[in-house]
Structures are given as C-alpha cells and as structure tokens.
Amino acid sequence: MKRRTFVTQTALVSLGFLALSRCTLKSSKTSNATTKLPLKTDPKGYLDLPEGFSYKIISKKGDPMNDGLRVPGRPDGMGAFKGPDQKVILIRNHEINLSPLSESPFGDENQWLDKVDINKLFDAGKSIKPGLGGTTTLVYDESTEEVEKQFLSLAGTYRNCAGGVTPWNSWLTCEEDVSNADGEFLEQDHGFVFDVPANADGLVDAKPIRGMGRFNHEAVAVDPNNGYIYQTEDRHDSLLYRFIPNNRDDLHAGGRLQVLAIVDQKTLDTRNWEEKTVVLNKELPIEWIDIDDVTPEEDDLRYRGMKLGAACFARGEGMWYSDHEVYFACTNGGPQRFGQVFKINLKENTLELFAESEDKTVLHMCDNLTITPWGSVMACEDNGETNRLHIIDQDGNIQLFGVNKSSKSELAGAVFSPSGKTLFVNIQENGETVAITGPWDKLHS
C-alpha cells in the first residue's frame, strides 16, 4: 500500500466505532473515578476477566518459529494489521539488549545466528554478541484462533519497547536504549526508530530513521492526515517530540524534529510531583519548537529542549492516535507518582491532562496503551506488584478490565485486531502473548 493513501484498517475500525460512541457519552467532564466491572476468578490463576470473556495463550518464549529460530523473550509493544484472507498480522517488540541469552531468538549460546543474514542485523556485535532486541511477526487466524506462522522480522537492535502502527501498514519500533558503539562488541550507536512493514515475509534490513532523533524512545503515533509522527521518551524528565518528515513516503529523507511547549509557560513541569501545575480536563494551548543536532553522541536532547522552553513529562510511555487526537501515558506522573494519561487535540493544538491517579487501587503506573474499537483508552500497568488492564472512557472514568494473576510481570502491547473481535496482550516476564475474546459490545453499550 502506498504511503500517500494514508489509510489503515485499524484506524478505520477505531474511528468508525469512535464516532458512534461519542454520541452517547456524557457532555460534562468529571474527575477521574473508578467503576467496578465484576471479574470472574480464573481457576487456572492466570488472568481474571469479566464474565463472558476468555483468553488463549497463542505464543510463548522458546517456541520454535518457522525460520528455524525460537520466539525471543520479553515481548512488549505490539501492532495489529489486516492480512490476506481475513488473517491478522501481529508485529511484536522484544525488550532485550545483549543478554540474557535465555531470551535470545538465536539459542542459549546464540548458536543459530548463522541461520540469518548477518548483514540485516542493525548491530551484529561482531557476530559474537548481537543485539537481541527487535521484532517478531505472527500471522494469526481469528476463525481458528491459531498462529499460522511466526518469524523474526527485525534483529540486532536494543530494548525494543513500544512503537506505533502507521497508515502505510507498518510498525515503527523504538529502541529504549542510547548505548554508544564501544569498539568491543557494540558496532552501532543505539536509540533509534525502525520501520517494519506488515507484509514482510522474513527479516528486514534494519535501517534507523535518524531524522526522528536519537534518545530513549518509547512509543510513536502517526497522524494519517499529514504524516506527522509524535514520540514519547522514557525518562523521568522526558519531552514530547514531533517529527515532520520532508517526504512522508520516505522517512529516511529527513525532516524537522520538534518539542512540545506550553504557550506562555516556559518549561512547564507537568509531572505534578511537587505542586499541581496541571489540572484535569483543562486544555492548555501548545506550540512546537524546532530542535537541531537530533542524533547527539550524548543523551542530551531533552536538556536542550527544556532550555528552549519544552514541557517536562514523567516517563512518557504508551501512545496512540485516534480521530485527530493523540493519547499518551506518563507512567509515574501525578502527586503519588501512580500515573497520568494526557491527550493532545491536534485540531485545537491543545494539551489536556485526561486522567491522573492518586490511588493505586484505581490506576497504578500505566504503560502501553491503545484505543478500543468504541473509542475508549485501554491502558496496561507496569508496577512490579499487581498489573491490570483498565478501560478509560471519554469522560476520564477508569474501569478495571483484567488482572494478571500469573506473575508480577507487566502487561504490555495491548492492541485490537482490525475486526475488533480480538484483544492481544503480552505478559512480558512470562514471555507470552495472549488473545482475548468476548462480548465487547457489552462494554461500550
């Protein structure tokens, strides 16, 4: 599909339900509240879900893949695309560096490294210690609920945390790592974004999009109307970035990198740690400031951005586009550092604190997020304690949807299939990908 068409199946599904759902939402804004959605206790002690919903583990760390490698560990962000014959194509990140080798797709001693074209790896580590991050692609049949095939689609990168789907049917995968080439095993500087097409049938050339900047990347969201790409940064003092490509059909052709600032509030601290500088549901006018030297050797983009007046955020993480809006999570924002969700209104050019938790039983350190087919936000938690899935409606009300009972692992990569029938989510430390089905209409009716 040509990029200039800028249409994706996932966006169309989401926008269609969004238009319907907003007709029924309350017009008044409220403070964040939680509503109890009764969950059914899973007799297997794995994942509690509402009545009528069920899950299936569809992929596990160590499973053999069709390319002769094995499923790597630590799955994180994930995108879903419409495949041929009503299949779903999933592209899944893996948040791994050089170790442990127990998570490696190449075996416990990287003994299967010779099964791949070493020239396609971004950092082959001199064929001794390759980067173990990257992506795997799964082809899933919703009718049979089976994975038809899975394979390594990007390799040699570090800590591929989150990313974002694009209107040209690909997955932008981001390195949450800024290691410098050290001359011993690291052959490349890290901290970049890579494009993985959904129709790739094997390992793609790992080509960094340098114009999008070198920093501790987390997630991206693409505006299909103009091709602008929004980016989060996972630092306690992070910025929010925007990349305007010179040619949206070729992201490698460069462009302008910008940082978000609040009009007339230079270097506003939105974290609300020491004082409430940002309140719920108040729209703040924003502006975008150009920043240069976007691939620095030192990890100093955010410091230089703040000197220019950029707003500061608390660990920008998951991000998703929906209907002229971009939502993003700040994992430890808020007075209790339990998490925030912000919304950028692209039409009005404003920033709004959409949700903020002061009670960890309501929301505790949200990370990856997505938009449901009916237009609500679904957020995954990453807190080292009990991790859950939440639905946040357009009034900012928070509803519990699922609880991970199998471990203290974070939930990650939540994404709906293009049909809206299946929710996919990763349980990172387990190394498992789960498909969830059920009466979704009951949640948005």
Fill in: Computed magnitude of the charge dipole of the chain (debye, nearest 20; Cβ of K, R +1, Cβ of D, E -1)
1100
Practice prompt. Please report the relative contact order for the chain, taking Cα pairs under 8 Å with a sequence separation of at least 6, and give it as a percent rounded to a whole number.
Written response: 18
Practice prompt. Using the structure shown, list the pairs from Lys307/Lys360; Lys129/Lys149; Lys60/Lys82; Lys61/Lys442; Lys61/Lys87; Lys60/Lys347 with a Cα-Cα distance above 30 Å, or answer none.
Written response: Lys307/Lys360; Lys61/Lys442; Lys60/Lys347
Response to the item:
Amide H neighbours of Arg337 at under 5 Å, excluding residues fewer than 5 places away on the same chain, with H built from the backbone geometry, are none
Response to the item:
For the pair Glu298 and Asp182, the simple spin-label estimate (label points 7 Å beyond Cα toward Cβ) gives in nm 2.1
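Can you bin the range 381-445 into rounded, prolate or oblate? Criterion: square roots of the alpha carbon gyration tensor eigenvalues sorted a ≥ b ≥ c, rounded for a/c under 1.5, prolate for a/b above b/c, oblate for the rest. Walk me through the intermediate numbers first.
On the way: a/c = 2.29, a/b = 1.34, b/c = 1.71.
Note, shape of the range 381-445 comes out oblate.
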Discussion item. Quick check: residue separation of Lys307 and Gln86 times 0.36 nm, minus the Cα distance between them. What number comes out in nm?
Written reply: 74.6 nm
Item to complete: Step through the residues of the range 122-131 one at a time and calculate ³J(HN,Hα) from phi using the Karplus curve (6.51 cos²θ - 1.76 cosθ + 1.60, θ = phi - 60°), rounding each to whole Hz and writing x for Gly and Pro.
Response: 5, 9, 7, x, 6, 6, 10, 10, x, x
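What is the range 85-154 by shape, rounded, prolate or oblate, if you read a ≥ b ≥ c off the alpha carbon gyration tensor as root eigenvalues and call it rounded for a/c under 1.5, prolate for a/b larger than b/c, and oblate otherwise?
Working: a/c = 2.58, a/b = 2.31, b/c = 1.12.
Because a/c hits 1.5 or more and a/b exceeds b/c, the range 85-154 counts as prolate.
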Worksheet, complete the sentence: Which residues qualify? For Gly309, with a placed amide H closer than 5 Å and at least 5 residues away or on another chain, they are Thr267
Worksheet, complete the sentence: Diffing the range 75-88: the Karplus 3J(HN,Hα) column from phi (6.51, -1.76, 1.60, θ = phi - 60°), in whole Hz with x for Gly and Pro, holds x, 10, x, 7, x, 10, 9, 6, x, x, 6, 6, 7, 10
Worksheet item: Tell me, in nm to one decimal, what length is gained between Trp273 and Asn225 on full extension, where the rule is 0.36 nm per residue of separation less the Cα-Cα distance?
Response: 13.8 nm
Worksheet item: In sequence order, what are the phi-derived ³J(HN,Hα) couplings for the range 136-146 according to the Karplus relation 6.51 cos²θ - 1.76 cosθ + 1.60 with θ = phi - 60°, rounded to whole Hz, with x for glycine and proline?
Response: 10, 10, 10, 10, 10, 9, 5, 6, 9, 6, 10
Worksheet, complete the sentence: Rounded to the nearest 0.05, FRET efficiency between Lys266 and Lys207 (Cβ-Cβ, R0 35 Å) equals 0.45
Worksheet item: Of the accessible area of the chain, with the probe set at 1.4 angstrom, what percent is carbon plus sulfur?
Response: 47
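Can you bin the range 109-190 into rounded, prolate or oblate? Criterion: square roots of the alpha carbon gyration tensor eigenvalues sorted a ≥ b ≥ c, rounded for a/c under 1.5, prolate for a/b above b/c, oblate for the rest. Each step should come with its number before you reach the end.
Numbers: a/c = 2.92, a/b = 1.59, b/c = 1.84.
It is oblate, given that a/c is not under 1.5 and a/b is not larger than b/c.
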Worksheet item: Near the amide H of Gly255, under 5 Å away, which other amide H atoms are found, from residues 5 or more places off or on another chain, if H is placed in the peptide plane?
Response: Asn246
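The values are calculated or read from the model by the stated rules, or taken from the named source; none is laboratory data. Since the model is a prediction, treat every value here as computed from it, not as a measurement. Positions of Cβ are generated from backbone atoms using ideal geometry, with glycine treated the same way; all protein chains shown enter the neighbour counts. Just the protein is used for accessible areas: all its heavy atoms, side chains included, with ligands, DNA and RNA removed. Shrake-Rupley method; radii C 1.70, N 1.55, O 1.52, S 1.80 Å.
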